[in-house]
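S.K.: I'd like to ask you about the structure that follows.
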Amino acid sequence: MKKFLANVLLFIPFLLTSYFIFLIAWGSFAPGHLRKNLIYGIGGYANMYSRICEAKKMHNVDILFLGASHTYRGFDPRIFKAYGYNTFNLGSPNQTPLQTEILLERYLSNLNPKLIIYEVHPWPFLLDGVESALDLLANDKIDMSSVKMALTLNNVKAYNTLIYSWYRQLFDLDNGFKEEMKKEDDTYISGGYVEKKLSFNSPEAEKKEEIPVTLAHWKPKAYQLIAFERILKIIKDKNIEMVFVQAPVTKMVFNVFDGNDKFDAFISSKTDHYINFNYLMKLDDSLDFFDSHHLNQQGVRVFNEALLKGKETQLHNKVLMTHASFKK
Amino acid sequence: MERVVILSQVQDIFKDILDDEEVILTDKTQAPDVKGWDSLTHIQLVVGIERHFKIRFTSREIQSWNNVGEMVDTIQNRIQNS
Amino acid sequence: MLFTSNEFLIFFTAFFLLYWFVCDKNVKHQNILVLLGSYLFYAWWDWRFLSILITTSIVNFILGIYIEKTTVPKSRKLLLWIGLLQGVGCLLLFKYFNFFVESFSNFFSFFHFNIHIQTINIIIPLGLSYYTFKSISYLLDIEKGKIKATAEWMVFCSYIAFFPALLAGPIDKARTLIPQLEQKRVFDYNLATDGLRQILWGVFKKVVIADNCASITNHIFDNYQHFSGSTLLIGAFLYTIQMYADFSGYSDMAIGFSRLIGFNITRNFDFPFFSQNIAEFWRKWHISLTSWLTEYVFTPLSIAFRDLGKLGLIFAIIINFTICGIWHGANWTYVLFGLMHGCYFIPLILTGKMNKRSKIAGNKMLPSFSEAARMLATFVLVMFTFIVFRAENITQAFNYYQRLFSISLISIPAVPKGYLTFRTLLLFIGSMLLIEWLNREKEHGLQLGVIKGRIFRWSVYAFIFFLIGMLMETSETPFIYFKF
């Protein structure tokens with residue numbers, strides 16, 4: 001028995017070390033189709049690398065945008081600039097509260113915004129957040145909060161990517177990495193935004209698109225709600241004004257989700273500053289979107305201008321103005 | 001009928017059904033000792049023995065023998081009782 | 001609590017330490033822990049069915065004692081029948097009631113009689129088919145005088161509920177497991193380490209091979225009408241591999257965990273894909289079930305039909321495999337699956353080759369050409385039955401065959417991508433089969449006695465661990481939808 005336990009105890013560190021070595025070798029040499037659970041996408045498909053680089057250098061912005069794809073494809077810094085605001089978009093694909101919290105912890109102090117606009121959609125609360133975690137692990141520094149995130153997710157992909165990413169950072173292997181600013185139809189715009197080449201949502205394609213059942217009901221993940229509370233606390237502690245916004249989606253997607261009332265009530269219970277643009281804006285499901293839930297450039301312009309000067313949002317315009325005038 | 005006679009007749013039946021002239025049976029012989037004696041040929045052997053001695057075993061008897069000796073005992077019992 | 005889940009890892013580690021360090025004084029303590037552990041394990045899945053498990057155990061325990069005590073053959077038979085009725089009755093009620101009712105009313109509605117019998121909405125208690133077979137074999141063996149009834153209720157209840165084998169076998173007979181439960185288990189280093197190896201191999205087969213196959217086969221079988229014949233052929237191939245990897249992997253884990261706590265339970269798979277005919281296949285596939293059926297169904301039947309000669313054997317084998325089929329579940333597809341296998345035996349019975357045993361490839365590295373051809377033929381025969389096994393119903397199975405054997409069989413298959421691509425998966429399936437081929441005389445696929453040097457051996461284990469980590473199915477939301 002002693003021999004057995006001794007061997008088991010010896011085997012565990014041996015296993016961990018070998019796992020680490022195999023992982024590095026695999027990540028460095030194995031072809032893509034063998035790397036199922038090691039997803040190290042530096043840059044990612046939405047320029048997370050460039051966004052993080054910019055976030056590190058940016059100081060004292062007027063408005064900071066948070067959220068998932070509705071954010072980084074929904075708030076165009078150029079439009080806000082035209083109205084006199086310096087903004088930064090920290091949104092990223094499938095970003096869930098778990099990642100938003102980490103990003104805030106890392107960049108809130110140097111971005112130091114006057115106002116935060118947090119695009120809240122029910123979906124990020126329903127997702128486990130693995131996809132966005134991998135994006136973050138590959139493109140931002142690895143520290144204790146990354147480890148905590150991986151432990152919360154308890155997912156092999158997250159662990160593998162965490163280890164591999166840490167190794168690459170340790171030896172500075174991605175030093176020469178230069179990210180493409182243009183990827184297929186997407187162009188990265190300084191300030192964190194990604195512009196899609198103008199195209200339109202076809203209702204035909206929409207019909208084929210199936211939305212998973214898990215995204216149709218309001219059943220938020222416990223750890224996402226906890227992370228959300230922590231986000232609220234971070235911002236409250238810094239005494240920064242925050243507006244919650246829900247960006248418009250097509251009627252199809254909006255109606256697929258059966259918990260809109262519950263979700264609105266949930267957000268409203270946390271803040272007085274929540275505007276759900278799905279009730280306010282009359283957008284065309286085909287002309288203003290490039291797919292079932294992302295605005296095209298034309299839609300973004302209409303949406304951003306509505307946010308900036310729409311009657312319904314006057315209250316928040318006031319907030320905007322107050323803070324902007326503070327700065328000026 | 002003499003026990004020895006039964007045993008030698010059983011041995012002939014084995015030779016015939018297993019198609020093997022080399023078969024030698026003693027009281028202690030068990031299935032693994034005889035080439036080709038498996039659960040299927042066992043049933044053929046049983047049928048051969050039943051026909052030869054004009055007796056009928058019960059299902060329980062067929063499954064209960066541990067060696068040739070026990071089988072011969074049953075045969076002898078049957079012949080005496082009939 | 002799946003064997004591959006974190007909960008089970010914690011449960012088993014705690015169990016292991018308690019078992020060898022706290023409850024190691026005597027056999028009673030060990031058995032109390034086995035029994036409590038088993039009931040906890042079962043209740044974790046579904047506590048509601050614990051009562052059925054316990055009732056079955058108590059009823060059969062008492063019956064066993066009385067069958068042995070009674071000397072009057074008629075009373076013995078009567079007690080045995082009560083036991084059989086209890087076991088088979090539970091199975092019929094929970095597993096087959098709705099099936100019979102529906103088949104019955106369908107039969108009459110075919111002749112335009114409308115019969116309405118209420119079906120009942122019940123869930124099948126987990127492991128019912130497995131532990132019922134255990135209790136039945138126990139009573140039958142006592143009645144036949146093959147074993148003695150155990151006087152220890154704790155031994156018997158542990159035998160029925162033995163957690164490593166509770167949910168999906170192996171189905172140990174009383175005469176193999178009960179003697180082990182009656183003796184104090186002593187820790188055996190070699191048994192335990194080999195158990196660990198077997199678990200690792202089982203996890204690899206389940207997690208890397210079976211789960212990744214499933215991600216492709218589910219897609220093919222659910223949308224078979226959209227695929228070409230050649231793709232359906234690959235679907236059937238992958239499903240056969242998947243079934244093997246899944247079930248033998250699970251059995252390897254069950255056996256491995258048993259070994260860690262000092263038990264040697266019945267082997268369930270003996271590299272069935274290296275069989276040269278169907279009879280050999282069934283001697284190597286789900287062995288504990290096949291040997292159960294051979295002993296309690298096929299042998300008595302073949303004795304009863306003995307005057308019919310080969311025809312009698314054919315009857316016996318067909319009935320035997322029909323039961324084998326329907327044991328898997330209440331669906332006509334399983335009946336057909338069993339029937340097909342029964343029919344496969346007919347040529348073997350007619351030529352007298354059914355029980356012929358031969359050692360494949362001897363000590364050589366490669367099988368001879370004819371051996372390889374027979375192996376392949378057996379595989380293909382089996383593969384065709386697994387189409388029925390996987391199909392939702394008979395109609396779907398026939399449609400699948402129809403498409404498979406259409407002209408599109410001669411086309412380049414377009415295998416949908418699962419978690420892995422088909423080619424990558426083939427690489428790992430090939431590796432698995434190769435490793436098992438090399439170890440085909442061993443008790444499981446990963447008995448690495450040959451490899452000298454601990455560091456090297458450990459590296460092999462670590463690499464398998466790594467492959468599991470790299471290729472296992474993960475449960476996160478698919479990344480498909482949000483990719484914008």
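S.K.: Looking only at region A:208-229, decide whether some residue is among the aromatic types (F, W, Y) and part of a loop (DSSP other than H, G, I, E, B).
M.R.: yes
S.K.: Filter region C:408-417 down to the residues that are closer than 12 Å to C:I234 by Cβ and assigned to a loop (DSSP other than H, G, I, E, B) and list them by number.
M.R.: C:S411, C:I412, C:P413, C:A414, C:V415, C:P416
S.K.: Okay, moving on. Among (1) open to solvent by 30 Å² or more (accessible area, probe 1.4 Å); (2) within 13 Å of chain C (Cβ to nearest Cβ), where does A:K36 come up short?
M.R.: So the condition that A:K36 fails would be (1).
S.K.: If you take just the helices (runs of 4 or more DSSP H) that sit entirely in region C:172-239, which of them hold at least 3 residues that are under 30 Å from C:L35 (Cα atoms)?
M.R.: Hits in region C:172-239: C:174-182, C:189-203.
S.K.: Pairs under 7 Å by beta carbon, first residue within 13 Å of another protein chain (Cβ to nearest Cβ) in region B:59-70, partner open to solvent by less than 40 Å² (accessible area, probe 1.4 Å), six or more apart or different chains?
M.R.: Correct list of pairs: B:S59/C:P300; B:S59/C:I303; B:E61/B:T74; B:I62/B:V46; B:I62/C:I303; B:Q63/C:T299; B:W65/B:M71.
S.K.: I've got another one for you. Give the residue, chosen from B:D19, B:D73, B:D27, B:D12, that is acidic (D, E), more than 25 Å from C:E295 (Cα to Cα) and within 12 Å of the chain's Cα centre (by Cα).
M.R.: Values: B:D19 fails: within 12 Å of the chain's Cα centre (by Cα); B:D73 fails: more than 25 Å from C:E295 (Cα to Cα); B:D27 fails: more than 25 Å from C:E295 (Cα to Cα).
None of the other options fit; the residue is B:D12.
S.K.: Considering (1) in contact with a Ser or Thr (Cβ under 6 Å, 6 or more places away or on another chain); (2) more than 14 Å from chain C (Cβ to nearest Cβ); (3) open to solvent by 20 Å² or more (accessible area, probe 1.4 Å), say which one A:I102 fails and leave the rest.
M.R.: (3)
S.K.: C:I319 passes all but one of (1) within 14 Å of another protein chain (Cβ to nearest Cβ); (2) assigned to a helix (DSSP H, G or I); (3) not charged (D, E, K, R); which number fails?
M.R.: (1)
S.K.: Provide a single number: the residues in region C:351-382 that are within 19 Å of C:T240 (Cα to Cα) and either buried (at least 17 other Cβ atoms within 10 Å of the Cβ) or without any contact (Cβ under 8 Å) to a residue 12 or more places away in the chain (or both).
M.R.: Adding up the residues that qualify gives 10.
S.K.: If you don't mind, another one. If the Cβ limit is 6 Å and pairs must be 6+ apart or interchain, which residue in region C:171-195 that is over 17 Å from C:T13 (Cα atoms) pairs with which residue that is among the aromatic types (F, W, Y)?
M.R.: From region C:171-195, the pairs are C:I171/C:Y130; C:I171/C:F133; C:I171/C:W292; C:A174/C:Y138; C:L177/C:Y159; C:I178/C:Y159; C:Q180/C:F263; C:L181/C:Y159.
S.K.: Something else about it: Give B:I55, B:I17 a once-over and let me know the one that is surrounded by 15 or more Cβ atoms within 10 Å (Cβ to Cβ), part of a helix (DSSP H, G or I) and either small (G, A, S) or at pLDDT 85 or above (or both).
M.R.: Numbers: B:I55 fails: part of a helix (DSSP H, G or I).
Going through B:I55, B:I17 in turn, just one is surrounded by 15 or more Cβ atoms within 10 Å (Cβ to Cβ), part of a helix (DSSP H, G or I) and either small (G, A, S) or at pLDDT 85 or above (or both): B:I17.
S.K.: Has region A:64-75 got at least one residue that is modelled with pLDDT under 90 and open to solvent by 10 Å² or more (accessible area, probe 1.4 Å)?
M.R.: no
S.K.: I've got another one for you. Considering only residues that are open to solvent by less than 10 Å² (accessible area, probe 1.4 Å) and closer than 24 Å to C:L78 by Cβ, which ones fall in region C:144-156?
M.R.: Pass one, region C:144-156, residues open to solvent by less than 10 Å² (accessible area, probe 1.4 Å): C:150, C:155-156.
Passing the criteria: C:T150, C:F156.
S.K.: Give just the number: which of (1) open to solvent by 40 Å² or more (accessible area, probe 1.4 Å); (2) at pLDDT below 90; (3) not basic (K, R) does B:S8 not satisfy?
M.R.: Every listed condition holds for B:S8 apart from (2).
S.K.: With respect to C:L348, determine if the residue is open to solvent by less than 50 Å² (accessible area, probe 1.4 Å), touching a residue at least 40 places away in the same chain (Cβ under 8 Å), under 26 Å from B:L18 (Cα atoms) and not small (G, A, S).
M.R.: On the way: open to solvent by less than 50 Å² (accessible area, probe 1.4 Å): yes; touching a residue at least 40 places away in the same chain (Cβ under 8 Å): yes; under 26 Å from B:L18 (Cα atoms): yes; not small (G, A, S): yes.
Yes, satisfied.
S.K.: Looking at C:S406, C:S411, C:S431, can you tell me which residue is among the polar types (S, T, N, Q), surrounded by fewer than 16 Cβ atoms within 10 Å (Cβ to Cβ) and within 14 Å of chain A (Cβ to nearest Cβ)?
M.R.: Values: C:S406 fails: within 14 Å of chain A (Cβ to nearest Cβ); C:S411 fails: within 14 Å of chain A (Cβ to nearest Cβ).
Answer to the check: C:S431.
The values are calculated or read from the model by the stated rules, or taken from the named source; none is laboratory data. Remember, it's a predicted structure, so these values are computed and weren't measured experimentally. All Cβ positions, even for glycine, are placed from backbone atoms using ideal geometry, and neighbour counts span all protein chains on display. These area figures cover heavy atoms from the full protein model, side chains too; ligands, DNA and RNA do not enter into them. Shrake-Rupley method; radii C 1.70, N 1.55, O 1.52, S 1.80 Å.
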